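Report on the following structure.
The values are calculated or read from the model by the stated rules, or taken from the named source; none is laboratory data. Here the structure is a predicted model, which is why all the values come from computation and not from measurement. Every residue, glycine among them, receives a Cβ derived from its backbone with ideal geometry; neighbour counts consider all protein chains shown. What goes into the accessible areas is simple: the full protein's heavy atoms, side chains included, and nothing from ligands, DNA or RNA. Shrake-Rupley method; radii C 1.70, N 1.55, O 1.52, S 1.80 Å.
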Amino acid sequence: GDDGNLFWKIARCSARNLGAEPVMLSPKTEPATGILFPRLCNGMSLAGCGVRIKWRFVKVYAVGTYLDPLAMSVVKDDEKELKKALLDPNYPRTIRIVMNRNLSIDKYTSAIIEALEPRMAGQDLESLDEFKKMNPPVDLVQGAEMEMTIRGDTLLYKNAVGGLGQIKSIVFTRALCDVYYGEDAVSPSHLEDVIKGVKSL
């Protein structure tokens, strides 16, 4: 019916403006690992992706950030404000992690906890145990996916076997933002790509 035509008009129109195929259809490839990131996740849009390198040269996982274009539209043209917004858990986002290699679940959780703990200044440390418990004792295989959705003081976590958990702690969510978007971010290539990508959300 007419609705269908309207949809194609809109799709064509946006494609014409961008001088390309409709962007929403093709996933983005993380260059270091070749891992694909769909354009949408939990209703949010992919801003950028990168790789987490550990032990100097091991590409452990690819990581992508999905943001709410409306929430980011206020800050996207001012890099200083944008960097502040990325550190602020009140700007909702989903961080999607896809393993690039097999890894024991203990190594995965302890690496994340090691990054979080010094950023939490001794507060709400029991949330680190909660995070550990949300990951079942099953080792991660290449291609395993985890999702961390941050909304204010709430982390919604989807583990590698699809189980859902929740942590309520502003200290935890703020520390998690700093892990991925701070001065000393664990994946510089991811942060750089996100800052670049937000501008065209």
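Of the conditions (1) part of a loop (DSSP other than H, G, I, E, B); (2) surrounded by fewer than 18 Cβ atoms within 10 Å (Cβ to Cβ), Q166 satisfies every one except a single condition; which number is it?
So Q166 meets the others, but not (1).
Search region 180-196 for residues being under 16 Å from the mean Cα position of the chain (by Cα) and more than 16 Å from A62 (Cβ to Cβ), and hand back the single one that is most open to solvent (accessible area, probe 1.4 Å). Working first, answer last.
Just the residues of region 180-196 that are under 16 Å from the mean Cα position of the chain (by Cα), to begin with: 180-182, 185-196.
Those still in the list that are more than 16 Å from A62 (Cβ to Cβ) too: 181-182, 195-196.
Numbers: Y181: 10, G182: 5, I195: 20, K196: 136 Å².
Filtering region 180-196 for residues that are under 16 Å from the mean Cα position of the chain (by Cα) and more than 16 Å from A62 (Cβ to Cβ), the one most open to solvent (accessible area, probe 1.4 Å) comes out as K196.
Report whether or not A85 is within 28 Å of G34 (Cβ to Cβ), in contact (Cβ under 8 Å) with a residue 12 or more places away in the chain and not charged (D, E, K, R).
no
Output the qualifying pairs, or none if there are none: Cβ atoms under 6 angstrom, residues six or more apart or on different chains, first residue in region 142-165 and in contact (Cβ under 8 Å) with a residue 12 or more places away in the chain, second residue open to solvent by 10 Å² or more (accessible area, probe 1.4 Å) and of a type in the set (D, E).
K158/E147
For K199, indicate whether it is in contact (Cβ under 8 Å) with a residue 24 or more places away in the chain, surrounded by fewer than 19 Cβ atoms within 10 Å (Cβ to Cβ) and basic (K, R). Break it down into steps so the answer makes sense when it comes.
Numbers: in contact (Cβ under 8 Å) with a residue 24 or more places away in the chain: yes; surrounded by fewer than 19 Cβ atoms within 10 Å (Cβ to Cβ): yes; basic (K, R): yes.
Answer is yes for this residue.
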